[in-house]
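Undergrad: Okay, here's the structure, questions in a sec.
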Amino acid sequence: MEHSPPPFFKRGPAPLVRLAFFASLSLALLVLDARFRYAEGLRQALALAAQPLQALAVLPGSVVDRIAGYFSSQVQLRDENAGLRRQLVDASQSVQRLQAALADAEQLRRLAGVAERYRNRGIPAEILYDARDPYARKVIIGRGTQHGVRAGSAVVDEIGVVGQVTRTHAGAAEVTLLTDKDQAIPVQVQRNGLRAVAYGGGLSGLLELRYMAANAEIEAGDRLVTSGLDGLYPPGLRVATVVRVERDAANSFARILCQPAAGVERGRFVLVLNAEAPQTPYPEEAGAQRERDPRGGKPRRAHRKAADGA
């Protein structure tokens, strides 16, 4: 009866032999697969079988990458939105500045047409700011005595009369607007030539024709222009438009309110019209001058009558 050693004590080939065998087998499989692609099908089958394991292995990393990408995209979107808002604000401000510049250019273009009619008298000026008194309708312009502006000069824009220069300085001047409560201007109705005097309405921003008879031929919609009787405002300049006429049988005068035609409360540029020639003296002033003049006829006649009476 033969006895064999237990399997635990059985010894196979030496480790070096096994290493050499498997190394040779690996090289042979590599050469065969490289030249004849014998293991292509096996490799595809193994890849297909290992695909779920690969997906499961990369799943934690993919989840972490997606979470990080979500938060980074949120931060990036927030930064982009903030940048776009800043660009929108800047663009809006640029558009507003452009619109203001276009409006100023359009006003200057129209004002240049008005200045052509008063080439030797018109002085263009820019409105700098409003006067400090909130109850007075006055503005300060950037032209003064060194530019030829004089007190009492009419101030107009491309539409009509704005006001009158009431105070001058070297580089600036004060303009009292038509709507000031202490301002008055002689006007006439363009439709029929009816003359009147328009007074400023103060805080209301309107003009009022005072002391007009209740049956005066004037109605809403009539245009008022300067009559030129005061010698300050050239005749024919637009002043206002009648907006309301109130007639009461119990009163002898009508209440007539007018809306200023010019940019009294708006606009940046105006034209100062200096007087073209000195005003014609009043009759009493002319009579007094003739009495002072020894060559005048009437003073001598008066002196002769006085001598005869004596």
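Undergrad: Only counting other Cβ atoms within 10 Å, I'd like ARG191, ARG35 sorted with the fewest neighbours first.
TA: Details: ARG191 14, ARG35 8.
Going from least to most buried by this count: ARG35, ARG191.
Undergrad: Could you list SER153, SER252 so that the one with the fewest beta carbons within 10 Å of its beta carbon is first and the one with the most is last?
TA: Details: SER153 22, SER252 11.
Ranked by crowding around the Cβ, least crowded first: SER252, SER153.
Undergrad: Between ARG255 and ALA103, what FRET efficiency comes out of the Förster formula 1/(1 + (r/R0)^6) with R0 = 30 Å and r the beta carbon distance, rounded to 0.05?
TA: Approximately 0.25, to the nearest 0.05.
Undergrad: Here is a further query. Find how much the distance from GLN96 to ASP130 grows on full extension, using 0.36 nm per residue of separation minus their present alpha carbon separation; answer in nm with one decimal. Spell out each step's value before the answer.
TA: On the way: separation 34, 0.36 × 34 = 12.24 nm, distance 2.21 nm.
Net length gain for the segment: 10.0 nm.
Undergrad: If you place +1 on the Cβ of every Lys and Arg and -1 on the Cβ of every Asp and Glu, how big does the dipole about the Cα centre of segment 15-101 come out, in debye to the nearest 20?
TA: 40
Undergrad: Moving to a separate point now. Hey, how many Å between the Cα centroid of segment 9-82 and the Cα centroid of segment 175-201?
TA: The two parts, judged by their Cα centres, are 98 Å apart.
Undergrad: Would you mind classifying segment 122-273 by shape? Square roots of the alpha carbon gyration tensor eigenvalues, ordered a ≥ b ≥ c; an a/c under 1.5 is rounded, otherwise it is prolate if a/b is larger than b/c and oblate if not. Display every interim value, and only then the final one.
TA: Numbers: a/c = 2.44, a/b = 1.89, b/c = 1.29.
Prolate, since a/c reaches 1.5 and a/b exceeds b/c.
Undergrad: If you don't mind, there's one more thing I want to ask. Hey, got the dipole for segment 56-105? About the Cα centre, +1 on K and R Cβ, -1 on D and E Cβ, debye to the nearest 20?
TA: On the way: 5 positive and 5 negative charges, 19 e Å.
Taking the Cα centre of segment 56-105 as origin, the dipole is about 80 debye.
Undergrad: Lys/Arg Cβ at +1, Asp/Glu Cβ at -1, dipole of segment 122-273 taken about the Cα centre: which of ALA213, LEU224, VAL156 is farthest positive-ward?
TA: Positive-end residue among those listed: VAL156.
Undergrad: Give me the dipole magnitude in Debye, nearest 20, for segment 109-262 about the Cα centre, with unit charges on the beta carbon: positive for Lys and Arg, negative for Asp and Glu.
TA: On the way: 20 positive and 16 negative charges, 73 e Å.
That gives a dipole near 340 debye.
No lab work stands behind these numbers, since they all come straight from the coordinates. What you are looking at is a predicted structure, and each value in this text was computed from that prediction instead of being measured. Cβ sites come from the backbone with ideal geometry, for glycine too, and all protein chains shown count toward neighbours.
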